[in-house]
Amino acid sequence: MFLRSRWTGVEHLFEQANPRRGWEMIGNGEPACYLFAGRTPERDRLAYFTDVLLTPPPGVIVRRDKLAALPRDAAGEVDLPRLLADRRLRGAINDGRSYGDYINAQLRAAPADANLKRYSANDFGRNIPEMLVKGRADYGFGWVRAAELGSAAGQVVGAPVAGNTELVHAGIACPRTSWGLTVIRQVDALFATPDGQALVHLKMNAELPPATRQRHAAEIAAFYRDLAKPPPR
């Protein structure tokens, strides 16, 4: 990977952990960094972040035969509070994963008896489409494009969530310790190099459709400016 190839002279160790365990490690100040995490106000209090990607807002991933049952408006966008209140549909979410500020807030406000099951997994939700296909749940949340092009392509579809329009900032997170500050400064420096910026541009162009890039042009331009010249820490 990019950091390991560019940051020589140190030993890089990798540990697989589900989101909840990963953030426990960060919160406890353990000398470990999360290599790709969605940024939220709560996580900002625990970690230093280097943003390396902006992604489209997550949507609802649903088994194709349940699409018509989703509460959607004329634009095809899902009314999330109504969906979470509908006990006829079974939802699946990854415990400890962030789905962006809007969906996170709606999940916290969901009825106590909402038909939602939390799963602890190391693959950041990539197993949710497979669960839908197997009939273990009717819907979940995630990156619509990835789900529709993945192993369950044709059997699951995505739908945008009404009111969920903000890009998700994602990146590398290190604990708010002296060790974490030293590491994140080096991460900043590596991604500010021409190679680092080129890699991020490549990923962003693949992740963001042209219409999304146009709609969020000012935010994306600010992101690239900070990438090239990281703010002082």
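Just checking: which of the helices (runs of 4 or more DSSP H) contained wholly in the stretch 166-233 hold 1 or more residues that are at pLDDT 95 or above and closer than 22 Å to VAL144 by Cα? Before the answer, list the steps.
Details: elements: 178-191, 194-207, 210-215, 217-228.
It comes to 194-207, 217-228.
What pairs can you find where one residue is in the stretch 9-29 and surrounded by 14 or more Cβ atoms within 10 Å (Cβ to Cβ), the other is at pLDDT 90 or above and of a type in the set (S, T, N, Q), and their Cβ atoms are less than 7 Å apart, with a gap of 6+ or different chains?
Going by the 7 Å Cβ cut-off, the qualifying pairs are GLY29/THR177.
Could you check, for the stretch 34-41, whether at least one of its residues is in contact with a helix residue (DSSP H, G or I) (Cβ under 6 Å, 6 or more places away or on another chain), surrounded by 19 or more Cβ atoms within 10 Å (Cβ to Cβ) and not assigned by TED's automatic domain parsing to the domain that holds TRP143? I'd like the intermediate steps shown before the answer.
Taking the stretch 34-41 first, the residues in contact with a helix residue (DSSP H, G or I) (Cβ under 6 Å, 6 or more places away or on another chain) are 34.
Right, trim to surrounded by 19 or more Cβ atoms within 10 Å (Cβ to Cβ) and you get 34.
Next, only the ones that are not assigned by TED's automatic domain parsing to the domain that holds TRP143 stay: 34.
Yes, some residue in the stretch 34-41 is in contact with a helix residue (DSSP H, G or I) (Cβ under 6 Å, 6 or more places away or on another chain), surrounded by 19 or more Cβ atoms within 10 Å (Cβ to Cβ) and not assigned by TED's automatic domain parsing to the domain that holds TRP143.
Test GLU166 against the criterion of being acidic (Asp, Glu), buried (at least 18 other Cβ atoms within 10 Å of the Cβ) and in contact with a Pro (Cβ under 9 Å, 6 or more places away or on another chain), and give yes or no.
no
Which condition breaks for ILE93 when tested against (1) in the same structural domain as ASP188 (by TED's automatic domain parsing); (2) of a type in the set (A, V, I, L, M); (3) buried (at least 18 other Cβ atoms within 10 Å of the Cβ); (4) assigned to a strand (DSSP E or B)?
Result: ILE93 fails condition (1) only.
In the stretch 44-70, what count of residues is obtained for those that are over 23 Å from LEU116 (Cα atoms) and not polar (S, T, N, Q)? First the steps, then the outcome.
We begin by selecting, within the stretch 44-70, every residue over 23 Å from LEU116 (Cα atoms); these are 44-56.
Next, from what is left, pick out any that are not polar (S, T, N, Q): 44-49, 51-54, 56.
So the answer is 11.
When both residues are 6+ apart or on different chains and their Cβ atoms are under 9 Å apart, which pairs have a first residue that lies in the stretch 76-96 and is of a type in the set (Val, Ile, Thr), and a second that is assigned to a helix (DSSP H, G or I)?
ILE93/LEU107; ILE93/ILE128
The values are calculated or read from the model by the stated rules, or taken from the named source; none is laboratory data. As the structure is a computational prediction, the values presented were derived from the model and not from experiment. With ideal geometry, Cβ positions are generated from the backbone for all residues, glycine too; neighbour counts draw on all protein chains shown.
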